[in-house]
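The values are calculated or read from the model by the stated rules, or taken from the named source; none is laboratory data. It should be emphasised that the depicted structure is a prediction, and the values quoted were computed from it without experimental measurement. In this analysis, Cβ positions are derived from the backbone assuming ideal geometry, glycine residues included, and neighbour counts consider all displayed protein chains.
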């Protein structure tokens, strides 16, 4: 069983016709798993739906506590890309006996040409094959929690 913790981020944003901005409605993760015809057993839990720039220290502690108390030893976390590394570092310094992968999207799932479905599939595969540790998985690459940065100029992780 793979635990899927949902925290929001671009992956779950939708276009708001009234404001012209991106907002949160509901998570798309279950739809994405169904669309991708995933055969992996998952249990998902929405912790909150926030832009990663709005994630607080208390939110990060909630993510950490949910990881530590999870009976599953394989955990995926949806997360916004702007502060994904910060959360990964907190988790990586505290979690040693599980495989935890943070992932998200640069373009919302609800918008054409999104990288969301690919990133979910890649993270789902990675969590089943990597050794215990905390990782960031984005756009076909996996990074150790303490060896990754987001290049905001290029919009990639390296």
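Of all residues in the range 90-104, those satisfying the criterion of being under 19 Å from residue 57 (Cα atoms) and surrounded by fewer than 16 Cβ atoms within 10 Å (Cβ to Cβ) are 93, 94. Of everything in the range 88-123, what is in a helix (DSSP H, G or I), in contact (Cβ under 8 Å) with a residue 60 or more places away in the chain and either in contact with a helix residue (DSSP H, G or I) (Cβ under 8 Å, 6 or more places away or on another chain) or under 20 Å from residue 68 (Cβ atoms) (or both)? Give them in sequence order. The answer is 88, 116, 117, 119, 120. Just one of (1) farther than 25 Å from residue 153 by Cβ; (2) under 16 Å from the mean Cα position of the chain (by Cα); (3) at pLDDT 95 or above; (4) surrounded by 13 or more Cβ atoms within 10 Å (Cβ to Cβ) fails for residue 45. It is (4). Per the listing 11, 6, 63, the residue uniquely touching a strand residue (DSSP E or B) at 6+ places or on another chain (Cβ under 6 Å), part of a helix (DSSP H, G or I) and in contact (Cβ under 8 Å) with a residue 12 or more places away in the chain is 11.
Can you name every residue in the range 21-41 that is surrounded by fewer than 17 Cβ atoms within 10 Å (Cβ to Cβ) and touching a helix residue (DSSP H, G or I) at 6+ places or on another chain (Cβ under 9 Å)? Within the range 21-41, 22, 24, 25, 26, 35, 36, 38, 40 meet the criteria.
Between 136, 85, 142, the distinction of being under 22 Å from residue 28 (Cα atoms) and at pLDDT 95 or above belongs to 136 only.
Among the residues of the range 14-57, those that are in a loop (DSSP other than H, G, I, E, B), without any contact (Cβ under 8 Å) to a residue 60 or more places away in the chain and closer than 22 Å to residue 84 by Cβ comprise 21, 25, 26, 27, 51, 55, 56.
Residues that are closer than 14 Å to residue 114 by Cβ and within 13 Å of the chain's Cα centre (by Cα) within the range 14-31 comprise 28, 29, listed in sequence order.
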